[in-house]
Amino acid sequence: MGDGALVEMTPAEIRADLEAGTEAAAKRSKSPVLTDAELDHLSEIFCSNSRFTGVDIGDEVVLSFDGCGSQDLGTRVNDLQYYEQYLCADSLELYHHDYSYKPAKAVMPFEQVVMRQAQFVTTAPLGYGAMPDLGLYTVPDGPVPNWSQLLPLGRIDESRAAQEEAVELAVADIVFVTDEMVEAGIEFIDLDTAGAAGDADFLAALRAIERIRARHPDLGIQIGMAGEFVLGMHGELEYDGVRLAGLWPLDQARLAAKAGVTIFGPAINTNTGKSIAWNVARTLTIAKPCCEASTVPVHLNGGMGVGGVPMHVCPAGDATCRASRAAVEILRLDGL
Amino acid sequence: MEGAHTQASGMGGMRTAGDLVARMQMTRRMRLKEAKAYVAGKLGCTVRDLFDPTAMEEIRIAKGLGTLPFTSSVRPGDAGMIEAKFNISKTLDIPINCVERFKARVGLG
């Protein structure tokens, strides 16, 4: 199940959930439902009694990992080495435990030292990642009026002005951190969980990417989305003439590519009350148009609570491998 | 969860050529098929070799691209860690930021 619970289902129940999942996604996102052949293939994956499954030999994809390591054992450099040597990660990402650009900025000299040390002892592409996290710029944590307090009071204009102010602050912080980390040797920057605070959050990410691309032409820039649908907390913000509120992955990817990303990561949220078969069918239906049309590599988010993976701190391997294989084989992904 | 993804669908990182293909996606926006073909061309091998740890160990050692230190690169003559990135930059014909900064700081740039 989407919450990680182990359930027993008949093949007919699994097929019914796959059909319901793709229909639910198509209804909301206006994407085409999965074909009968695709549903047949998913049924085969989910009806197997085997504990583990995987893609065909030769169909393997690149695995990028946001925020490598638990930071509970050894040092953060050890975390990166562990991901490189034991988990066979195709790229590595150093992160500050607050995982947001605003707090990371305050400790940047220390982060730079760790990055330089890590670059000496690793070989895989190594970058730095954090969230735009626009909420941190609001009172009581930041200088900007809190739109979550203003909106329920109907103070719409003040709420919008606050979000626009927060965008500028966030962009400045993201660009600052990137510049400092480029100095320390990063090979890519990751703006993760973009859009978590809505359309203004996504706008901050896009504007920051645009500036980073202009300043660092060869730097890898990865963006990972917060959810399948950009929430309209502001409602009127645009990038390149496109209204951000309500965008689905296909249009999110187009704008991210326009801004200058090299890898786009759609995030489709897991419904904890539905089966993994239902969630995977829903995920693939929403993500498929984006994967087909994208001009940059697509790495579907497949962590806890996204991409059909259960919303649990230790997602079951049998569920994760099925979600992983299904996504790669149906979407023809570039990575996860 | 990471282990499940790695075993189910991952290229294998430095066990194979996953890190090299990742570099082409990150620096040149190449989609997977193009990135695999590019790397295979630069290494002078087949695309199939890219996910074969046995074939890739030989290729990586021969070209100094680094291997996992608990296997063969414990030999002192083999390139590892940041040394391997110098060779990866040259082999794939892409700039690697930390390598360029290393060169500049030690007067090689």
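For this structure, a couple of remarks:
- Antiparallel DSSP beta bridges within the protein assembly as shown, as percent of all bridges there, nearest 5: 10 percent
- The length gained on full extension between A:Asn49 and A:Val113, counted as 0.36 nm times the residue separation minus their Cα-Cα distance, comes to 18.2 nm.
- Cross-link partners of B:Lys63 among aspartates and glutamates (Cα-Cα below 20 Å; sequence separation of 8 or more within a chain): A:Glu84, A:Asp90, B:Asp19, B:Asp49, B:Asp52, B:Asp78, B:Glu83, B:Asp93, B:Glu100
- Prolate/oblate/rounded label for segment A:73-265 (Cα gyration tensor, a/c 1.5): prolate
- Shape category assigned to the protein assembly as shown from the gyration tensor of Cα positions, a/c cut at 1.5: oblate
- Taking one quarter of the surface of the C-alpha convex hull of segment A:181-336 gives a mean projected area of 9.5 nm².
- Measuring r between the beta carbons of B:Ala62 and B:Lys33 and using R0 = 30 Å, the FRET efficiency lands at 0.75.
- Crossing angle, helix A:36-47 versus chain A [Cα axis fit, 0-90 degrees, rounded to tens]: 90 degrees
- Choice from A:Leu244, A:Leu150, A:Leu191 showing the highest fluctuation, given a GNM over chain A with Cα pairs closer than 10 Å: A:Leu150
- Taking label positions 7 Å along the Cα-Cβ direction at both A:Phe176 and B:Asp93, the computed distance is 4.1 nm, reported to one decimal.
- Based on DSSP H segments of at least four residues, each scored -39500 (n - 2.57), the protein assembly as shown has a per-residue ellipticity at 222 nm of -15500 deg cm²/dmol.
- As a length-normalised measure over Cα pairs under 8 Å and 6 or more apart, the relative contact order of chain A settles at 22 percent.
- Relative contact order, percent, segment B:2-105 [alpha-carbon distance under 8 Å, six or more residues apart]: 20 percent
- Ranked list, fewest to most other Cβ atoms within 10 Å of each Cβ, for B:Tyr38, A:Tyr137: B:Tyr38, A:Tyr137
- From the largest down, segment A:1-159 spans 56, 54, 28 angstrom on the principal axes of its Cα atoms.
- Footprinting exposure proxy for A:Arg160, B:Arg15, B:Arg23, A:Arg332 (fewest neighbouring C-beta atoms within 10 Å first): A:Arg332, A:Arg160, B:Arg15, B:Arg23
- Between the Cα long axis of helix A:156-184 and the first principal axis of chain A there is an angle of about 90°, rounded to the nearest 10.
- Percent of beta bridges antiparallel (DSSP, segment A:73-265, rounded to nearest 5): 10 percent
- Once the Cβ-Cβ distance of A:Val139 and B:Val47 is raised to the sixth power relative to R0 = 51 Å, the FRET efficiency obtained is 0.40.
- Helix axis angle, A:108-121 relative to chain A longest principal axis, alpha carbon, degrees: 50 degrees
- Selected from A:Ala162, A:Ala104, A:Ala293 as most flexible by GNM, with chain A as the system and alpha-carbon contacts under 10 Å: A:Ala293
- Max mean-square fluctuation residue, GNM over chain A, Cα-Cα springs under 10 Å, options A:Asp318, A:Asp66, A:Asp17: A:Asp318
- With neighbours defined as other Cβ atoms within 10 Å of a residue's Cβ, the residues A:Asp36, A:Asp334, B:Asp78 order from fewest to most as A:Asp36, B:Asp78, A:Asp334.
- Per-pair calculated FRET efficiency, R0 = 25 Å: A:Leu151 and A:Tyr99 via Cβ, rounded to 0.05: 0.45
- All Cα-Cα separations within segment B:2-105 were binned at 5 Å from zero, giving a P(r) of 2, 13, 23, 24, 20, 12, 4, 1, 0, each value a whole percent of the pairs.
- Separation of the alpha carbons by more than 24 angstrom is noted, of A:Lys27/A:Lys288; A:Lys288/B:Lys33; A:Lys105/B:Lys85; A:Lys102/B:Lys85; A:Lys102/B:Lys103, for A:Lys105/B:Lys85; A:Lys102/B:Lys85; A:Lys102/B:Lys103.
- Where GluC sites (Glu not before Pro) in DSSP loops with at most 14 other Cβ within 10 Å are excluded, longest remaining stretch of chain A: A:9-235
- Model label zone, A:Ala161; criterion: amide N under 15 Å from point 7 Å along Cα-to-beta-carbon; scope segment A:133-153: A:144-147, A:150-151
- Net charge of neighbours whose Cβ lies under 10 Å from the Cβ of B:Phe51, counting Lys and Arg as +1 and Asp and Glu as -1: -1
- Length-normalised contact order for segment A:73-265 - Cα pairs under 8 Å, 6+ apart - percent: 19 percent
Values quoted throughout were computed directly from the atomic coordinates according to the rules given, and no laboratory measurement underlies them. None of these values were measured; they are calculated from a predicted model. Every residue, glycine as well, gets a Cβ built from its backbone with ideal geometry; the counts of neighbours run over all protein chains shown.
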